[in-house]
Amino acid sequence: MSVFYKLTQNKIANSKSNGKWFAHAAIVGSVGLKEMADLIQRNCSMKRSDVNAVLTELPEVMRDLMQKGYRVNVNGLGAFKFQVYSEGTDSVSEFNALKHINRVKVVFMPESDYDRATGSRPKYLTQGISFTDINSLAAKDALDKKAEEQAEQDDVEP
């Protein structure tokens, strides 16, 4: 499968990479639980309503387990856990969680397999990907559309 990307230029004046071009993932749409449930239903014996019920409960169960201190492993996908950021204090007795913890984020660690041949750990979700410049794809689509329109005009003209 191809991952779409687009190139953007760094325009930050005081950056060491000012003026250089970088690839960024290009998102072509969004998929929700209903669409995922439909796709899962096609690949297994469960009905969409059953799949949807499970997928709807998953975030709540994950939140509850993570708030209890667990890392949540989803086989084939990866693991989720909390990461806490705080200000430092001079002593343990000075630390107040409400005052000093300033951010909590969810960390996702993709599942990986150990490849003995290369000694690497390829991530399951990124195995088999290729890359396509979305701008060149859009330009190709525009050229194809223009060619189709020209062909239609050629067919219509006497």
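Key figures
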{"item": "Residue list for segment 36-56, filter: open to solvent by less than 90 Å² (accessible area, probe 1.4 Å) and either assigned to a loop (DSSP other than H, G, I, E, B) or of a type outside the set (A, V, I, L, M, F, W, C) (or both)", "result": "ASP38, GLN41, CYS44, MET46, SER49, ASP50, ASN52, THR56"}
{"item": "Tally, over segment 62-94, of residues that are within 23 Å of the chain's Cα centre (by Cα), part of a loop (DSSP other than H, G, I, E, B) and free of Cβ contacts under 8 Å to residues at least 40 places away in the same chain", "result": "3"}
{"item": "Residues that are without any contact (Cβ under 8 Å) to a residue 12 or more places away in the chain and over 29 Å from TYR70 (Cβ atoms), drawn from segment 95-133", "result": "ARG116, ALA117, THR118, GLY119"}
{"item": "Inter-residue pairs, beta-carbon under 9 Å, first within 18 Å of ILE129 (Cα to Cα) and in segment 10-32, second open to solvent by 100 Å² or more (accessible area, probe 1.4 Å) and in a strand (DSSP E or B), 6+ apart", "result": "ALA23/PHE131"}
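The values are calculated or read from the model by the stated rules, or taken from the named source; none is laboratory data. Keep in mind the model is a prediction, meaning the values are calculated, not measured. Heads up, the Cβs are rebuilt from the backbone with ideal geometry, glycines too, and the neighbour counts pull from every protein chain shown. Calculation scope for accessible area: heavy atoms of the full protein, side chains included, ligands and nucleic acids excluded. Shrake-Rupley method; radii C 1.70, N 1.55, O 1.52, S 1.80 Å.
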